[in-house]
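Down below is the structure, laid out as structure tokens.
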Amino acid sequence: MKAGGSISIWFFIGVSLLFNGVLILAAGIYQYVQPPETPTVLFNLHAGIWWGAILTLLGAFYCLLYRPSRMKAQ
Amino acid sequence: MTALLAFATNNRLVHLHTVDLAIIVFYFVLVLAIGFYLKERANTGEDFFMAGREMTAWIAGLSFLSANLGSLELMGWAGSAYQYGILAAHWYWIGAIPAMLFLALVMMPFYYISKTHSVPGYLKLRFGESSRALSSVSFAFMTVLMSGINMYSMALVLKIVLGWNINFSIWVSAGTVAIYVALGGLRSAIFNEVLQFVLIWAGALLIPILGLIEAGGWSGLKARITANASAEYTHLWSTLGSAKDNPMGIHWTGIVFGLAAVISMGYWTTDFLVVQRVLTAKDMRAAKMAPIIGAAFKMFVPFIVILPGLLALAVLPMKLMPEAQAIATGGHSYNEVLPLMLARYCGPGLLGLGITALIAGFMSGMAGNVSAFTTVWTYDIYRAFIRKDASDHHYVNMGRWCTVLGVAISIGTAYLVMDFKSIMDYVQALFSFFIAPLFATVILGMLWKRASPAGGFWGLLAGTASSVAMWAWVKVDPSALRYIALSPYAKDMAENMYRALWSCIICFLITIIVSLLTKPKPEAELKGLVYGATDIPSESYVTVFHRPWFWATVVGVVFIALQIAYW
């Protein structure tokens, strides 16, 4: 489904996931290197790192697949 | 804006870091960007009010579900799961899935073939102007009031959780919704709802995953709940034999006949807030597939809403309590389940995404209300009764102003609720008065050719009036609840189920009786509106795997399996 001219809604979703994923991943890595004084429950699982990585990969995939230049070509 | 958010932050349940604020601010920027980007595609009435009727089944289906998945839905039902256990899942399973499939397979062809732009619009075609007037005025009125109540509730939660000023939360979130819906119309609302749907899952999914790890899986969770509360909290059906055997105080007939057969059917098949999304589908097959896709996702929403409530029962060290008691004692209320669980597991970044999920839920619900209100006001009230012959451009402009007006009324309601909190109970009750009887009117209109215009109108009026009368009876004499809900052990939730059931039955009977005594519409005028007078396109040209009934069967089988698994 294309929005407006040639940008798909899935591209917007990809941008959102990519942006959030990168920030969460970076925050997770920072917390891994510098653990907080009052960690959250199950901090040892470092959810920020793997959840951030999943969102980043998913976001990048959607951005590439639905990038405006590719949509225009179709 | 980050500085503004930080400024608005005072006392709070959770502390946000810069990265969390950046995620929240980016969300606001993105939804506004989508609104501005789609402005060029909202120039005609068909574009602005019906999103050009070109949505794919996936977009329409996810939007159909997202419009319902408001923040109150998320936080309220997570709190209900803490309070009532897994019984709260009935509102996601039997209280939604059969109705969504029924909408897809039985009702959608008539909505779609009639090319109506709204549910009141269908009533006009089927029963005439008086039925449309009754349903459109009540719907428009109730929708903006409900939107305001949701807005206030969300602002209250943001105040408790984040310490945000109530005025700040109301104006920023309402202003954002007003801008993106006024600019891009229904298409903008739908696209943002799909984005919000993805963010809700991305932000909320970690809680059940980490919660189950902490609790030791489902068996560990059940053992902890049994120790902390009662084993009844983890059974879906086995405790419904008597109202006194379960935390909700309800009998299985209330769930099956009140919730599933009436309230759920009424909401998912006739509430224009959700039906409008499906009407934007690009063709009949997409229109039928959209509710099925919505149903497939709806089945798994309890994973991010009900399960966190159950997990809170198992792992939280403190006891949660009703709102009034929490305010009086300084404790935590049921509605704080999700934020408490977020704070328990989520560090910087994840917390921001979780809060964004809650805000996204609120905004999708509000945009749904506002865009539905705009369409009903412009097409079913303004064009029908105030100005009949204006240009398409005029109605689009009216739609844009009406969006702003709808948001303004919602804000006004939010402030009204702040001063007179009992209004919340009254308006929520008022909303329920119209949904249950409306289902009886619409379904008789679609499936029975003999239903006459007079029958439709008087049935709807009688059903609504009887619902109001039952509600007033219990208000005046609370002991009357035992008669309406058929049990001396019945609680508030049971009253809603049975009141809906009785009002639907009354509407049904009055419609039939009056129809048999009055003149029906000629069959030629029922073409495209009623079963037996409508040619429904065959789906034989597509493979079995592309047919709606095949996927409806798959969803139905999974739904039944879930009932058995959690019996």
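No lab work stands behind these numbers, since they all come straight from the coordinates. Computed from a prediction, not measured in an experiment: that's the story for all the values here. Virtual Cβ from ideal backbone geometry, glycine too; neighbours counted across all protein chains shown.
Details
- The stretch A:7-73, relative contact order in percent, only Cα pairs under 8 angstrom and at least six apart counted: 58
- Values of log10 I(q)/I(0), in the order q = 0.06, 0.10, 0.11 Å⁻¹, for the protein assembly as shown under a Debye, Cα-only, solvent-free model: -0.31, -0.91, -1.12
- The value for the stretch B:310-381 of Rg(Cα) / (2.2 N^0.38 Å) is 1.57.
- Nearby lysines by direct alpha-carbon distance to B:K39 (threshold 30 angstrom, same-chain neighbours under 8 apart not counted): A:K2, A:K72, B:K115, B:K282, B:K288, B:K388
- A simple charge model with +1 on the Cβ of Lys and Arg, -1 on the Cβ of Asp and Glu and nothing else charged puts the dipole of the protein assembly as shown at about 940 debye relative to its Cα centre.
- The angle between the Cα long axis of helix A:9-33 and the main principal axis of chain A comes to about 20°, on a 0 to 90 degree scale.
- Cut-off under 5 Å, modelled amide H: who pairs with B:M321 long-range: B:H332, B:S333, B:Y334
- What the phi angles of the stretch B:363-378 give under the Karplus curve with 6.51, -1.76 and 1.60, with θ = phi - 60°, is a coupling list of 5, 5, x, 5, 4, x, 4, 5, 5, 5, 4, 4, 5, 5, 4, 5 Hz, glycine and proline written as x.
- Other protein chain Cβ atoms within 10 Å, averaged over every residue that makes up B:348-356: 6
- Along its three principal directions, the equivalent ellipsoid of chain A from the Cα gyration tensor extends over semi-axes of 34, 9, 8 Å, largest first.
- 222 nm mean residue ellipticity, helices alone, for chain B (DSSP H n ≥ 4; -39,500 (n - 2.57); rounded to 500): -22000 deg cm²/dmol
- Within straight-line cross-link reach of B:K449, lysines at Cα separation under 18 Å, skipping those fewer than 8 residues along the same chain: B:K124, B:K519, B:K521, B:K527
- Estimated FRET transfer efficiency when R0 is 60 angstrom, pair B:A524-B:A480 (beta carbons, to 0.05): 0.80
- Other protein chain C-beta atoms within 10 Å of residue C-beta, averaged over B:210-220: 1.
- The alpha carbons of chain B occupy a box of 67, 55, 54 Å along the principal axes, longest dimension given first.
- Working ranking of peptides B:532-545, B:336-349 by packing, defined as the average number of other Cβ atoms within 10 Å per residue, highest first, is B:336-349, B:532-545.
- B:E40-B:H15 pseudo-label distance in nm [points 7 Å out on the Cα-to-Cβ vector]: 4.7
- Test item: A:13-21 mean partner chain Cβ contacts at 10 Å: 6
- Near A:S8, the amide H atoms lying under 5 Å from its own belong to A:A3; only residues 5 or more places off or on other chains count, and H is placed 1.01 Å from N.
- In order along the stretch B:208-224, the phi-based Karplus estimate (6.51 cos²θ - 1.76 cosθ + 1.60, θ = phi - 60°) of 3J(HN,Hα) comes to x, 5, 5, x, 5, 4, 5, 7, x, x, 5, 5, x, 4, 4, 5, 5 Hz; Gly and Pro are listed as x.
- Using the Cβ-Cβ distance between B:V544 and B:K115 with R0 = 30 Å, the FRET efficiency computed as 1/(1 + (r/R0)^6) comes to roughly 0.60.
- Charge tally around B:M363: other residues with Cβ under 14 Å, Lys/Arg +1 each, Asp/Glu -1 each, net -2.
- Legend: Rg and Dmax of the stretch B:95-250, from Cα coordinates, 22.0, 59 Å.
- Rounded to 10°, Cα long-axis angle of helix A:47-65 versus longest principal axis of chain A: 10
- With a simple spin-label model that places each label point 7 Å from the Cα along the Cα-to-Cβ direction, the separation between B:A561 and B:W473 comes to 4.4 nm.
- Bridgeable lysines around B:K244 (alpha carbons under 20 Å apart, same-chain partners fewer than 8 residues away excluded): B:K491.
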